[in-house]
Amino acid sequence: MPAPLLIDSNVLLRFSDPSREDGKIASAAVDRLNALLTPLYYCSQNIGEFWNTLTRPLDHNGFGLTPREAYARVQEVEAKFEFLPDGIAVHRQWLKLLSRYQVSGIKVHDAHLVAVMVVHGVRHILTFNTADFARYSEIEAVHPRDAAVR
C-alpha cells in the first residue's frame with residue numbers, strides 16, 4: 001500500500017473548487033492518489049483553516065461563502081478523506097515541535113499539522129506550500145503536481 005498522506009488545507013480548498021487557481025492540479029493529485037489506493041487524511045486543524053478561508057470575504061482572499069455553504073464543503077471533505085483525531089498526545093507532540101524548531105507566529109498552525117502526523121504515523125503531507133514544512137525532519141512535503149504524476 002502506498003504511504004499515507006495528510007491533505008493540507010490549501011489542497012482541500014483547491015480540490016473543493018477545481019475552477020480556482022491550481023484546482024485542476026489538486027483534483028488530479030487526489031484522483032491519482034485514490035487510484036493508487038493511497039490513504040488520505042485530514043484533521044481538525046485542516047477544517048478550521050478550510051472554514052476560515054471559505055467564509056472569509058472575497059476582498060480578504062477568501063471564498064465568500066456562508067457558514068451553511070462552508071458546512072456543505074466540510075461534509076464533502078469528511079466523505080472523501082479519513083479523519084485523524086487530536087488529543088493529549090498530539091498536544092504534547094505539538095509543544096515539543098514548537099520548542100525544538102523554535103516556531104513562532106502563524107507557523108504554529110503548520111507545527112500542529114506535523115504533530116498530528118507524527119502521532120498517527122503519517123510521514124507525508126500533500127501541500128502547495130512545501131517550503132513551510134521543510135524544517136521538520138519528521139515528515140516530507142509533497143507538492144500536488146508531483147503526486148499527480150507518481
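The values are calculated or read from the model by the stated rules, or taken from the named source; none is laboratory data. Treat the numbers as computed from the prediction; the structure is a model and nothing was measured. Positions of Cβ are generated from backbone atoms using ideal geometry, with glycine treated the same way; all protein chains shown enter the neighbour counts.
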For this session: Would you confirm whether any residue within the stretch 57-75 is over 26 Å from Ser137 (Cα atoms) and β-branched (Val, Ile, Thr)?
Result: yes
Exercise. Quick check: anything in the stretch 74-84 out of contact with any Gly (no Cβ under 6 Å at 6 or more places or on another chain), among the small types (Gly, Ala, Ser), under 25 Å from Ala131 (Cα atoms) and in a helix (DSSP H, G or I)?
Worked result: no
Exercise. Which condition does Pro85 not pass, out of (1) surrounded by fewer than 18 Cβ atoms within 10 Å (Cβ to Cβ); (2) farther than 22 Å from Ile139 by Cα, if it passes all the others?
Worked result: (2)
Exercise. For the stretch 124-145, what are the residues that are within 21 Å of Phe15 (Cβ to Cβ) and in contact (Cβ under 8 Å) with a residue 24 or more places away in the chain?
Worked result: His124, Ile125, Leu126, Thr127, Phe128, Asn129, Asp132, Ile139, Val142, Pro144, Arg145
Exercise. Is the stretch 52-61 home to any residue that is of a type in the set (Lys, Arg) and at pLDDT 95 or above?
Worked result: yes
Problem set entry | Whichever residue in the stretch 100-150 is touching an Asp or Glu at 6+ places or on another chain (Cβ under 7 Å) and part of a strand (DSSP E or B) and, among such residues, is nearest to Pro4 (Cα to Cα) | His124
Exercise. Does the stretch 3-39 hold any residues that are assigned to a helix (DSSP H, G or I), more than 11 Å from Phe50 (Cβ to Cβ) and small (Gly, Ala, Ser), and which are they?
Worked result: Gly23, Ala26, Ser27, Ala28, Ala29, Ala35
